[in-house]
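Nothing in this text is a laboratory measurement; each read-out follows from the coordinates by a stated rule. Predicted model, so just to flag it, every value in this text is computed and none were measured. A quick note on method: Cβ atoms are made from the backbone with ideal geometry, for glycine too, and the neighbour counts reach across all protein chains shown.
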Amino acid sequence: MATVRLDQKSRALTRAIPNTFDRALANFFGTGPTDIELAKQQHRAYRQAMLDEGIEVTVLPSDAKHPDCTFVEDQAVVIDGHVLLPVPGHPSRVNEQPPIAEFITRQLSGTKICRMHGDARMDGGDILRLGDLFFVGRSSRTNDAGIEELRDLLTHLGHKLRVIDIPDHALHLTSISSTPTDSVILAPEGFLPKDAFGELPDGCEVLWMPAEEVYGCNTIGLPNGKVLVAEGYPNVLQAVIDIGLEPIVLDMSQIREADGSLTCCSLFF
Ligand code: GLY
């Protein structure tokens, strides 16, 4: 989940892979999953990897009516214990939200839950957090009205927001970048201009990876110095080792076929 700092990652919500996963939207990294049992196995391994590192993991039941329901990151934005429920940017994904909203509302009872309205659209996968600096992708899923609603919340919390235009050949900002630590951004060459993230706070940097390792740029850093990385991206693997992290390598091949990355499958709260 891209909207929490490392020290805020103690509980993660996930949602099981539905039997209809082969019908998930797939227009970028994949052409659609072909082996649902393998996808389920990969998702179990993903959950187990987080459990093994001390993260409390909840699994919501899948919803066969919503083939993309596993990608919970898009359905709620949790920032410093505050929650923004976006209107997801693809119509087929809007009704995935109620069970996630209900769970988060119960867990964070006492918290004010904001809901997007009107024409505002946003997928949580378009938000990236580097310490206390936030980036949002203006994408096929996230529009200017959605960005302004996010900005309102971040301003209220005292955080800054920078907008990044996502190229047509990418889905979300977090499809092409991640923050394995609170001071490092991983991003692929050729997808974003080199100044896309702007001037970063002291001690922060962008590590540019070869374009062909774009999928590998999505990682999940954990509070104990370990990092989840997708199998098959040697430059990304070396980069996280070089910054002192211990990688946990996961086979994400069938989840990638549905355009899903590591962060898409969890919502830290
Ligand atoms: N398949 C993930 C998405 O398109 O939202």
Near-label residues of region 125-167 by backbone N, under 13 Å of a point 7 Å along Cα→Cβ of L200:
129-135
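Placing unit charges on C-beta atoms (Lys and Arg positive, Asp and Glu negative, everything else neutral), compute the dipole magnitude of region 107-202 about its Cα centre in debye, rounded to 20. Don't skip to the end; give the middle numbers.
Values: 10 positive and 15 negative charges, 61 e Å.
Charge dipole, region 107-202, about its Cα centre: 300 debye, nearest 20.
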How much of the DSSP bridge set in region 46-199 is antiparallel, in percent, rounded to the nearest 5?
50
Counting DSSP beta bridges with both partners in region 122-220, what percentage is antiparallel, nearest 5?
35
Obtain the nm distance between the two label points defined at N19 and E102 by a simple spin-label model: each point lies 7 Å from its Cα along the Cα-to-C-beta direction.
2.1
Mean Cβ count within 10 Å, highest first, over the residues of peptides 198-207, 22-31, 159-168:
22-31, 159-168, 198-207
Skipping prolines and chain starts, which residues have an amide H placed within reach, meaning under 5 Å, of the one on T142, given they are 5 or more residues away or on another chain?
D123
Vicinal HN-Hα couplings computed from phi for region 215-221 (Karplus, 6.51 cos²θ - 1.76 cosθ + 1.60; Hz; Gly/Pro x):
4, x, 5, 8, 10, 10, x
Per GNM of the chain with C-alpha springs under 10 angstrom, the most fluctuating residue out of L60, L173, L130 is L60
Which whole-angstrom value gives the distance between the alpha carbon centres of region 19-93 and region 99-127?
16
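Kindly count the pairs of lysines across the chain whose alpha carbons are less than 23 Å apart, treating pairs on different chains or eight or more residues apart as eligible.
Here the count comes out as 6.
Sequence gap at least 6, Cα distance under 8 Å: using those rules, report the relative contact order of the chain to the nearest whole percent. Mind showing how you got there, number by number?
Numbers: 593 pairs, mean separation 68.2, N = 269.
That works out to 25 percent.
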Axial C-alpha extent at least 20 Å, average Kyte-Doolittle at least 1.6 - helices from the chain (DSSP):
none
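Where both partners of a DSSP beta bridge lie in the chain, what percent of those bridges are antiparallel, to the nearest 5?
Numbers: 13 of 37 bridges.
So the antiparallel bridges amount to about 35 percent of the total.
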So which trypsin sites (Lys or Arg not before Pro) in region 193-269 pass both tests, a DSSP loop state and at most 16 other Cβ atoms within 10 Å of the Cβ?
K194
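Only Lys, Arg, Asp and Glu count, each charged at its Cβ (+1, +1, -1, -1), so figure out the dipole size of the chain about its Cα centre, rounded to 20 debye. Before the final figure, lay out each step's value.
Numbers: 23 positive and 38 negative charges, 161 e Å.
Charge dipole of the chain: 780 debye, to the nearest 20.
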